[in-house]
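Heads up, the thing below is written out as structure tokens.
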Amino acid sequence: RQAILTVQMSWEEGQGIAIPFDLEYWNNDELRSPGDPPKLTPQSLQRLQNQVRQLLQNPNVRVTGHNFKFDWHHFRQYGITVAGWEHDTIQLCHAVDENMQLKSLDECTRRWLAALAGYADAFNEDPIHCGKSRMDLVPHDKMLLYSVGDTDATLRLTKVLLAEARKDMRNYRVYEKVKMPALKYLFTQAEEFGL
């Protein structure tokens, strides 16, 4: 079952929120934590999804992600078109060091954010999620720490990589004027044709 379990956002370093997005996951008694809010009703979940939709479809809200085309695809399945997709840290990583072999969020964080290096190591090694292929098995308390950690790392990484990429403005302009517009266009076209 492919579902968005949470939508997490960070707007400032060290700040973030995880918004429940899947009724079955968030109401699963086996995964609930003592500090969890009351179970979601279909109506409250719909309100949350509508609020996320309004936020992400606002072209004035700038959105950054790590490998965001993955998120973009899943949002489209919920009828959400992200209007303000501005940066993708994998693409920025290519702009800064195209020879870097592994460009996962973990590896980029290790390289450029020493203070956060290894923040997700314990979670990544936990066998409960089967190599992240079964995130629906992760207890809520573990999911919240991990997911908001990812958005915090992505926000911080964006700032560092933008500064690094802009040291070579010709290369940065290729990222800004060619790579990102092409990625958005191709992905939009693929979605339009059902690919």
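The values are calculated or read from the model by the stated rules, or taken from the named source; none is laboratory data. Please read these numbers as outputs of a predicted model, since none were measured by experiment. No Cβ is skipped: glycine too gets one built from the backbone with ideal geometry, and neighbour counts run over all protein chains shown. Ligands, DNA and RNA are stripped out before the accessible areas are found, and what is left, the full protein with its side chains, is counted by its heavy atoms. Shrake-Rupley method; radii C 1.70, N 1.55, O 1.52, S 1.80 Å.
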Count, please, the residues in segment 105-117 that happen to be free of Cβ contacts under 8 Å to residues at least 12 places away in the same chain and surrounded by 11 or more Cβ atoms within 10 Å (Cβ to Cβ).
4
Within segment 33-63, track down each residue that is open to solvent by 90 Å² or more (accessible area, probe 1.4 Å), charged (D, E, K, R) and either in contact (Cβ under 8 Å) with a residue 12 or more places away in the chain or in contact with a strand residue (DSSP E or B) (Cβ under 6 Å, 6 or more places away or on another chain) (or both).
Lys39, Arg62
Evaluate segment 157-166: report whether one residue or more is touching a residue at least 40 places away in the same chain (Cβ under 8 Å), of a type in the set (Val, Ile, Thr), closer than 30 Å to Ala114 by Cβ and in contact with a Ser or Thr (Cβ under 9 Å, 6 or more places away or on another chain).
yes
Verdict on Leu40 being over 23 Å from Gln189 (Cβ atoms), modelled with pLDDT of 95 or more and hydrophobic (A, V, I, L, M, F, W, C):
no
Given the criteria at pLDDT below 95, farther than 27 Å from Glu12 by Cβ and among the aromatic types (Phe, Trp, Tyr), does Tyr185 qualify?
yes
(1) open to solvent by 60 Å² or more (accessible area, probe 1.4 Å); (2) within 16 Å of the chain's Cα centre (by Cα); (3) among the acidic types (Asp, Glu) all hold for Asp141 apart from (2)
Filter segment 13-32 for residues that are open to solvent by less than 20 Å² (accessible area, probe 1.4 Å) and not aromatic (Phe, Trp, Tyr) and give the result.
Asp22, Leu31
Meets criteria (farther than 19 Å from Trp72 by Cβ, out of contact with any helix residue (DSSP H, G or I) (no Cβ under 9 Å at 6 or more places or on another chain) and not aliphatic (A, V, I, L, M)) for Asp141:
yes
Exactly one of Lys159, Lys132 is under 20 Å from Phe75 (Cβ atoms) and under 16 Å from the mean Cα position of the chain (by Cα), and that one is Lys132
Among the residues of segment 118-138, what is the count of those that are open to solvent by 60 Å² or more (accessible area, probe 1.4 Å) and under 23 Å from Glu12 (Cα atoms)?
1
Of the residues in segment 64-102, those that are among the charged types (D, E, K, R), in contact with a helix residue (DSSP H, G or I) (Cβ under 6 Å, 6 or more places away or on another chain) and open to solvent by 30 Å² or more (accessible area, probe 1.4 Å) come to Lys69, Arg76
